[in-house]
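First up is the structure itself, then whatever we jot down about it.
The values are calculated or read from the model by the stated rules, or taken from the named source; none is laboratory data. Not measured: the values here are computed from a predicted model. Methodologically, a virtual Cβ is constructed for each residue, glycine included, from the backbone with ideal geometry; neighbour enumeration extends over all protein chains shown.
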Amino acid sequence: MRWRGRRESSNIEDRRGAGGGIFPGGMRRGGPIRIPIGTGRAGGGGIGTIIILVILFFGLRAIGIDPLQMLEEGTGQVSTQQAGNDEERQFVAVVLADTEDVWGQIFQSQGATYEQPPLVLFSGQVNSACGFASAASGPFYCPGDRKVYLDLSFFHELARRFDAAGDFAQAYVIAHEVGHHVQNLTGVLPRFNRMRANLSEGEANAMSVRVELQADCYAGVWANHTNQQGLLEEGDIEEALNAAFQIGDDTLQRRTQGYVVPESFNHGTSEQRSNWFRRGFESGDPADCNTLSGPI
């Protein structure tokens, strides 16, 4: 992908090295929509840890030290140090800028305004409106604060653990999560979250698959428009298709446990994920990404 020297999005929040905050929250309604990569769970520390942190917090205040100010200063310092000559950050910012341009044009053609989502870079763990999450959970989109969250170490895992190397494989991941943001803006995610309360686990998984496949298709739509600008290189689409295939539910389950449990699928099979990305890429029209009804 030809990305160097191009416009970078200003909607990057660099929280790397800042940690998840003193008081990580629990999972909230409308939880994160994430790339599946393993068994990592979101959660906080035990009650004893919280008590110690509370005592430490007020102890520092008592001697004239403001812990909140320390955190703010620390966050700013980390962000300044890690920005600039950070190639991975620059790449993410360029891809995000591309999604802003593409979806901005698509929404405008439909008489609507596209709300650009911030992308939060974090390392290790992060606190969002959807709760506390670790890097082991993979990239995710949080409907509650309308932000995409990404630990850049996932790109290395994508290549090493999932045999999905390449910059366009990484771009596909970002575009997929932005696809969830599009779903949030168009009402798909809010409707799904309302429905989920009245669905069985199997029904919720089946609906989740449809939601995820639409995000894959939207990533393909973005790739189509990017290709029209002459920004793709030979092998880019194959990298994205391979990434979609490698993180299909069936492939992941075979890799991690040696067998598959179809009723537990919540993102789609490898074939479904790559097929829907391809459909979006070949069409370039979001209207062709209707996975919510009919066969998938």
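Filter the stretch 97-143 for residues that are crowded, with 24+ Cβ neighbours inside 10 Å, of a type outside the set (Asp, Glu) and over 15 Å from the mean Cα position of the chain (by Cα) and give the result. Across the stretch 97-143, the qualifying residue is only Trp103. For the stretch 267-296, residues that are in contact with a Pro (Cβ under 9 Å, 6 or more places away or on another chain) and closer than 13 Å to Ala240 by Cβ total 1. Kindly establish whether Asn193 is surrounded by fewer than 24 Cβ atoms within 10 Å (Cβ to Cβ), of a type outside the set (Lys, Arg) and not in a helix (DSSP H, G or I). So Asn193 fails the test. Each residue in the stretch 114-128 was checked for being polar (S, T, N, Q) and in contact with a helix residue (DSSP H, G or I) (Cβ under 6 Å, 6 or more places away or on another chain), and 1 pass.
Residues that are among the hydrophobic types (A, V, I, L, M, F, W, C) and in a loop (DSSP other than H, G, I, E, B) within the stretch 243-272 comprise Ile247, Val260, Val261, Phe265, listed in sequence order. Among the residues of the stretch 273-285, those identified as assigned to a helix (DSSP H, G or I) and either under 19 Å from the mean Cα position of the chain (by Cα) or farther than 17 Å from Tyr172 by Cβ (or both) are Arg273, Ser274, Trp276, Phe277, Gly280.
Per-residue answers, yes or no, for (1) over 21 Å from Pro139 (Cβ atoms); (2) in contact (Cβ under 8 Å) with a residue 60 or more places away in the chain; (3) surrounded by fewer than 17 Cβ atoms within 10 Å (Cβ to Cβ):
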{"position": "Gln253", "(1), (2), (3)": "no, no, no"}
{"position": "Glu263", "(1), (2), (3)": "yes, yes, yes"}
{"position": "His267", "(1), (2), (3)": "no, yes, no"}
{"position": "Glu271", "(1), (2), (3)": "yes, no, yes"}
{"position": "Asn275", "(1), (2), (3)": "yes, no, no"}
{"position": "Phe281", "(1), (2), (3)": "no, yes, no"}
{"position": "Pro286", "(1), (2), (3)": "yes, yes, no"}
{"position": "Pro295", "(1), (2), (3)": "yes, no, yes"}
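Looking across Glu177, Glu212, Glu157, one residue alone is surrounded by fewer than 19 Cβ atoms within 10 Å (Cβ to Cβ) and among the acidic types (Asp, Glu). It is Glu157.
Matching residues to (1) assigned to a helix (DSSP H, G or I); (2) out of contact with any Gly (no Cβ under 8 Å at 6 or more places or on another chain); (3) within 27 Å of Met1 (Cα to Cα); (4) at pLDDT below 95:
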| position | (1), (2), (3), (4) |
| --- | --- |
| Leu60 | yes, yes, no, yes |
| Ile65 | no, yes, no, yes |
| Gln69 | yes, yes, no, yes |
| Glu72 | yes, yes, no, yes |
| Ser79 | yes, yes, yes, yes |
| Phe91 | yes, yes, yes, no |
| Phe107 | yes, yes, yes, no |
| Gln116 | no, no, yes, no |
| Val120 | no, yes, yes, no |
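One residue stands out among those in the stretch 215-229 that are touching a residue at least 24 places away in the same chain (Cβ under 8 Å) and either more than 19 Å from the chain's Cα centre (by Cα) or within 14 Å of Asn184 (Cα to Cα) (or both): the one that is surrounded by the fewest Cβ atoms within 10 Å (Cβ to Cβ), which is Gln228. Taken together, Ala204, Ala240 contain a single residue that is part of a helix (DSSP H, G or I) and under 17 Å from the mean Cα position of the chain (by Cα), which is Ala240. Going through (1) on the phi > 0 side of the Ramachandran plot; (2) in contact with a Leu (Cβ under 6 Å, 6 or more places away or on another chain) one by one, Gly235 falls short only on (2). Can you name the condition, by its number, that Glu177 falls short on among (1) modelled with pLDDT of 95 or more; (2) over 24 Å from Asp145 (Cβ atoms)? The single condition Glu177 does not satisfy is (2). Looking at Arg255, Arg279, just one residue is among the basic types (Lys, Arg) and within 27 Å of Ala97 (Cβ to Cβ), and that residue is Arg279.
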